[in-house]
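Take a look at the structure set out below.
None of the figures in this text is laboratory data; all of them are computed from the coordinates on show. In this text the structure is predicted, and so the values were computed from the model without any measurement. Here the Cβ positions follow ideal geometry from the backbone for every residue, glycine too, while neighbour counts run over all protein chains shown.
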C-alpha cells in the first residue's frame, strides 16, 4: 500500500472518535499495524516528518513559503493526497501538548529489538532540510532539533555532524563527510565509500524510509558526492 493511502486509512480511523489529536494518531499507528512491523515503521517515519515539521513551525513561530516548499519537496505529495497530509500537519500543530512525549512515542514505534532505530536520523535530516530552507536555521529551531535528537537517542557527536553538514556543508566539505580537515586522501575516500554504502536507497528502504520520501536520500548523496569531489581535488592539487 502506498504510504499516502496508508495515511488516509490512518486518518479515517480516528474520524468521529472525538480524538483528533496527535496522541490518537500515534495510538492508531500502533493498533492498525501491530502485526506488520515494516509498514508500522514506514508510517511512523511519515508521521514523524509531518508532525514534527508542524511542531517545529510552532516552536519557531514562523512558517515561511520556503519552508512549506521544502516540506513538499521531502514528501512529494500527490495532489489528491494533499488534503490528508495537511490535515495531519494541522492536527500536530494545533495539539497543545509539547513535542517531547510524541517524539518518544515515535521512537518506540520504530525501534528494533535492540532499542535502535537508524530511521530517526533520517527524520532529523528531513527536519534540518526544512529548517534551513529560508536561508538560516534559527536558534529556536536548533534548540528544537537538539531536543528531538536527545529523545531519539542520537549522541552529541552524531547531531553535530548532521548540524554541520546542513549549516556549514557548502563551505566545509569535511563537515559533510564527518572527517577532520587534516584527513588523508585515503581516509577521505574510505569515509566516502562508507557513507555511499550507508545511504544507498536500498539501505534506506530496508530501515523503513518509504519510497515517497527518497528525496532525502537523493539530497544527502548529492552533498556527499560534492564534498568528496572537492576534497579529492584539494589532495590532487
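Annotations for the structure displayed:
- Segment 89-197, relative contact order [Cα under 8 Å, separation at least 6], %: 20 percent
- Cα gyration tensor, segment 139-237 - rounded (a/c under 1.5), prolate or oblate: oblate
- Principal-axis tilt of helix 119-131 within the chain, Cα atoms, nearest 10 degrees: 80 degrees
- Principal-axis tilt of helix 185-198 within the chain, Cα atoms, nearest 10 degrees: 20 degrees
- For peptides 44-54, 79-89, sequence by mean Cβ density within 10 Å, most packed first: 44-54, 79-89
- The chain - percent relative contact order, Cα under 8 Å, separation 6 or more: 23 percent
- Using alpha-carbon coordinates, inclination of helix 82-94 to the longest axis of the chain, degrees: 90 degrees
- Estimated [θ] at 222 nm from DSSP helical runs (n ≥ 4, -39500 (n - 2.57)) normalised by residues in the chain, nearest 500: -22500 deg cm²/dmol
- Gyration tensor verdict on segment 38-182 (Cα atoms; rounded if a/c is under 1.5, prolate if a/b is larger than b/c, oblate otherwise): oblate
- Computed from label points 7 Å out along Cα-Cβ, the spacing between residue 214 and residue 14 is 3.0 nm.
- Note on residue 235/residue 146: beta-carbon distance plugged into 1/(1 + (r/R0)^6) with R0 of 30 Å gives a FRET efficiency of 0.35.
- Max mean-square fluctuation residue, GNM over the chain, Cα-Cα springs under 10 Å, options 182, 90, 122: 182
- Distance from segment 82-154 to segment 161-175 (C-alpha centre basis), Å: 20 Å
- Computed from the C-beta positions of residue 225 and residue 171 and an R0 of 25 Å, the FRET efficiency is 0.90 to the nearest 0.05.
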